Amino acid sequence: MDEPRAVSSRSRDRRYAAVTLLLCLIVSAVLAAGGRLVRTGAQEEPPPLSGSTPASAAAALPWTLPWPSTGQAAVEIAGRAGSLRVHGEQRPVPIASVTKVMTALVVLRHHPLGGNDTGPPIRVDRQAAIEAENRDESTVPVTEGQILTERQLLELMLIPSGNNAARLLARWDAGSEQAFVREMNAAAARLGMTNTTYTGASGYEPTTVSTAVDQLKLAGQAMKNRVLRDIVATVRTTVPGVPGEIVNSNKLLELPGVVGIKTGTSTPAGGALLWAVRSASGARDRLILGVVLGQGDPGDTLEEKKEAAFAASRELIAAARRPRVPLERPPATGGGDATVTPGIPGRRRSARRRRR
């Protein structure tokens, strides 16, 4: 009877050793994971234009922003997952000359420029010269046969918002504006702009529609292009052969840190404005992107609609740049501050768990 007890004792010893080894492995794994978490938290945040970062690295915006009383709007920190804030129903609406950001992006994708490159020469055709005389839309004074570079035409399109420059670039790039529009819509699809339809290169057509969220997707991509960034941040310039000084239609550039992007105003669209502002957060420099669409009242003049877009954007910029405690909880009453992007509520819960 003694032998079975010895076997049983050895068996228990083996079980104890196995359990002890398993516990050691579990503790080691937990400590290793903790070390990884500590190292991750100590890393510098990536630069704003480097692409998406994990939600754990997101430097969120305030939950409560001074949203406009009309239209729709959205604000986010470029490249920061979980920072998107959205206001208003995200239904496709006319966006007027904000369209030209996509026009520029497609042209630069097909004909890239680097640094101070001017690009190939482009001859002004008869159609662009005739359109220059149209007083019912925003155009730039060019003459048939005039030679301008790709960069100069991009400047004439984006700074004073020349519709005829946009259409000329479209014809030069794709052979016809219709063919170019197909390229614009293909680019929108690649960016996941599912509620956007382009029907022209200039934005003059009220059938070109988009949403605030879609336009932020475009803004994030556009601000990665150095040439486009440089142009939309230009307050004023001159183009040889074009009379006078070219002044940017975006008055937000008067504000510290504002670096673009594009205005848009029409009767169907109201006031629209896509903007970007650099804001220091401690030792880090972040790029905040925003857009307001459908600003102004139905009876307002075009100038009043434009001013409404500027006013709404100024308030959002001031609030977004304000120092804050990370991830404040949104008001229990809901109010007008809604984040409608799928997945964001889950990020809120994750952020609260990390805070505890």
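Hey, fewest Cβ within 10 Å first, where do Arg171, Arg126 land in order?
Working: Arg171 18, Arg126 10.
Taking fewest neighbouring Cβ atoms as first place, the list is Arg126, Arg171.
Once you compute Rg and the Kirkwood Rh from C-alpha atoms, what is the Rg to Rh ratio for segment 143-201?
Checking Rg against Rh, the ratio lands at 1.02.
Using only Cα atoms, locate the centre of segment 56-128 and the centre of segment 175-221, then give the distance between them in Å, rounded to an integer.
10
Provide the packing ranking of 159-170, 287-298, 108-119, i.e. peptides ordered by the mean count of other C-beta atoms within 10 Å per residue, highest first.
The densest-packed peptide leads the list: 159-170, 287-298, 108-119.
What's the lysine pair count for segment 55-355 at a Cα cut-off below 17 Å, pairs eight or more apart or interchain?
Taking segment 55-355 as the scope, the lysine pair count is 11.
Net charge around Leu191, counting only other residues with Cβ within less than 14 Å of its Cβ (Lys, Arg = +1; Asp, Glu = -1)?
Values: positive: Arg109, Arg190, Lys217, Lys224; negative: Glu183, Asp214.
Combined, the nearby Lys, Arg, Asp and Glu give +2.
Please list log₁₀ I(q)/I(0) at q = 0.11 Å⁻¹ for segment 55-355, using the Debye equation with identical point scatterers on the alpha-carbon positions.
Normalising to I(0) and taking log10 leaves -0.63.
Coordinate-derived values only; no laboratory data. In this text, all values refer to a predicted model and were calculated from it rather than measured experimentally. Cβ coordinates were reconstructed from backbone atoms using ideal geometry, including for glycine residues, and neighbour counts include every protein chain displayed.
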